Amino acid sequence: MNGIMTVLIAIIVFLFIIMVHEFGHFITAKMFHVKVPEFAIGFGPAIFKRQKGETLYSLRAFPIGGYVRMEGEDENSDDVNALCNKPIWQRIIIVAAGAFLNILMGFIIYAIVYAQMPQMPILTVQSVYENTPAFEYLMPGDKITAVNGNKVWYYKDFKFLINTIDAGKEIKLTVKRGDEKLNINITPQYDKQSKSYILGFQMKQENMTWWRVLKYGVCETFFIIRVILYSLFMLFTGKVAITSVSGPVGTVGIMSKAASNGFYSFIQLFAMLTVNVGVFNLLPIPALDGGRVFFMFVELLRGKPIDPQKEGVVHFAGLVLLLAFMLFITVNDITTLIKR
């Protein structure tokens, strides 16, 4: 895929993810009869706009975000249909709906992907290879339930946890063998052929049904959420360098690589991006949806609203910090691109 086509597809993907997010706010606002003066995709000058009823629909020049402007969102209003005059539970739903719709879209995409697969691996041992660590400890039919005390429900949970352990270090597996629960300490061995550390067993496969398509769609979505939260934890604790974070420029390169690996690789990246947007927006950071929900819970505990002007100052400061962070990672993406 050439560079121009990759950039165009990336812009379309970003716009679609943003549109889904903002539509979540918009549709729930309309459901609760909140006045919405504007629904915008992008920022900056409008390149297309159309008034329909009370709402101005616009497409703006810079595809780096979007917004649903609601009456009484950041100020007091006497309008009975203003957001600030709605019950707090309705406001929480409206503010959180964009992120949840992104996550729901990720689930739908994953379900569609899994519907095309004839089989999926499960956490049951199918066979064990001779002269490997697993041969001494595992048997066909063993069901893996935990890794180092961490519960696993899905084969990717298992793979992810194994990959977070230092290569060659001992691993504690919890397995169910019939009615018996066993704790097994096993150390991977280095395999010269694959040039990696292996345990030495194969997982059983199960045929896909519509019920399993939905089940694995949910499992994959929650797996991605756990990976995102784990990555954020590693970032905030300094175990991962901030320079490893990719912004829009870096994501274009990732999308190009995914597209070169085939349609399913690209569509799964698309699903991961929309879930990522949903999770990130739910973080309790000022200016993000999660930050606004946090203030609403504070209001709920206090029993009275927070001064909109003071809350607005906090959100503005959060927005400035987020924009500075975006500028930093964009510069880092461009610098990395130039070096390559």
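The values are calculated or read from the model by the stated rules, or taken from the named source; none is laboratory data. Treat the numbers as computed from the prediction; the structure is a model and nothing was measured. Cβ: placed from backbone, ideal geometry, glycine included. Neighbour counts: every protein chain shown.
Tell me the residue from LEU273, LEU232, LEU283 that is at pLDDT 85 or above, under 14 Å from the mean Cα position of the chain (by Cα) and not in a helix (DSSP H, G or I), please.
Values: LEU273 fails: not in a helix (DSSP H, G or I); LEU232 fails: not in a helix (DSSP H, G or I).
Exactly one of LEU273, LEU232, LEU283 is at pLDDT 85 or above, under 14 Å from the mean Cα position of the chain (by Cα) and not in a helix (DSSP H, G or I), namely LEU283.
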Open item on the list: Given the options LEU56, LEU101, name the one that is hydrophobic (A, V, I, L, M, F, W, C) and buried (at least 17 other Cβ atoms within 10 Å of the Cβ).
Closed with: LEU101
TODO: Might you let me know whether the stretch 161-180 holds any residue that is among the aliphatic types (A, V, I, L, M), out of contact with any helix residue (DSSP H, G or I) (no Cβ under 7 Å at 6 or more places or on another chain), more than 30 Å from LEU269 (Cα to Cα) and not in a strand (DSSP E or B)?
DONE: no
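If you take the residues of the stretch 127-172 that are of a type in the set (Gly, Ala, Ser) and more than 25 Å from the chain's Cα centre (by Cα), which of them is nearest to ARG226 (Cα to Cα)?
First pass over the stretch 127-172, keeping only residues of a type in the set (Gly, Ala, Ser): 127, 134, 141, 146, 149, 167-168.
Filter again for more than 25 Å from the chain's Cα centre (by Cα), leaving 127, 134, 141, 167-168.
Working: SER127: 29, ALA134: 27, GLY141: 27, ALA167: 22, GLY168: 24 Å.
Among those residues, the one meeting the criterion is ALA167.
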Open item on the list: I'm told GLU75 meets every condition in (1) more than 28 Å from LYS156 (Cβ to Cβ); (2) touching a Leu at 6+ places or on another chain (Cβ under 8 Å) except one. Can you identify the failing condition by its number?
Closed with: (2)
TODO: Within the stretch 181-202, track down each residue that is part of a strand (DSSP E or B) and either outside the structural domain of ASP142 (by TED's automatic domain parsing) or not polar (S, T, N, Q) (or both).
DONE: LYS181, LEU182, ILE184, ILE186, TYR190, ASP191, TYR197, ILE198, PHE201
Open item on the list: Can you tell me how many residues within the stretch 159-174 are surrounded by 14 or more Cβ atoms within 10 Å (Cβ to Cβ) and at pLDDT below 85?
Closed with: 1
Task: Qualifying positions in the stretch 183-209 - without any contact (Cβ under 8 Å) to a residue 40 or more places away in the chain, farther than 30 Å from ILE112 by Cα and either out of contact with any Asp or Glu (no Cβ under 8 Å at 6 or more places or on another chain) or among the hydrophobic types (A, V, I, L, M, F, W, C) (or both) - done: ASN183, TYR190, ASP191, LYS192, GLN193, SER194, LYS195, SER196
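What residue, of LEU301, LEU322, is in contact (Cβ under 8 Å) with a residue 12 or more places away in the chain, aliphatic (A, V, I, L, M), under 22 Å from ALA97 (Cα atoms) and out of contact with any Pro (no Cβ under 8 Å at 6 or more places or on another chain)?
Numbers: LEU301 fails: in contact (Cβ under 8 Å) with a residue 12 or more places away in the chain.
None of the others qualify; the one that does is LEU322.
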Open item on the list: Suppose the filter is of a type in the set (Phe, Trp, Tyr), crowded, with 16+ Cβ neighbours inside 10 Å and either in the same structural domain as VAL277 (by TED's automatic domain parsing) or farther than 20 Å from ALA96 by Cβ (or both); does PHE39 pass it?
Closed with: yes
- [ ] Output the number of residues of the stretch 84-134 satisfying the condition of being farther than 27 Å from GLY66 by Cα, among the polar types (S, T, N, Q) and touching an Asp or Glu at 6+ places or on another chain (Cβ under 9 Å).
- [x] 3
- [ ] Inspect the stretch 100-113 for any residue being touching a helix residue (DSSP H, G or I) at 6+ places or on another chain (Cβ under 8 Å), touching a residue at least 24 places away in the same chain (Cβ under 8 Å) and outside any helix (DSSP H, G or I) and give the result as yes or no.
- [x] no
Open item on the list: Cβ-Cβ distance below 6 Å, separation of 6 or more or different chains: which pairs start in the stretch 258-277 with a residue that is more than 13 Å from TYR110 (Cα to Cα) and end on one that is of a type outside the set (Asp, Glu)?
Closed with: ALA258/SER265; ALA258/PHE266; ALA258/LEU269; ALA259/MET1; ALA259/PHE266; ASN276/ILE228; VAL277/ILE17; VAL277/ASN102
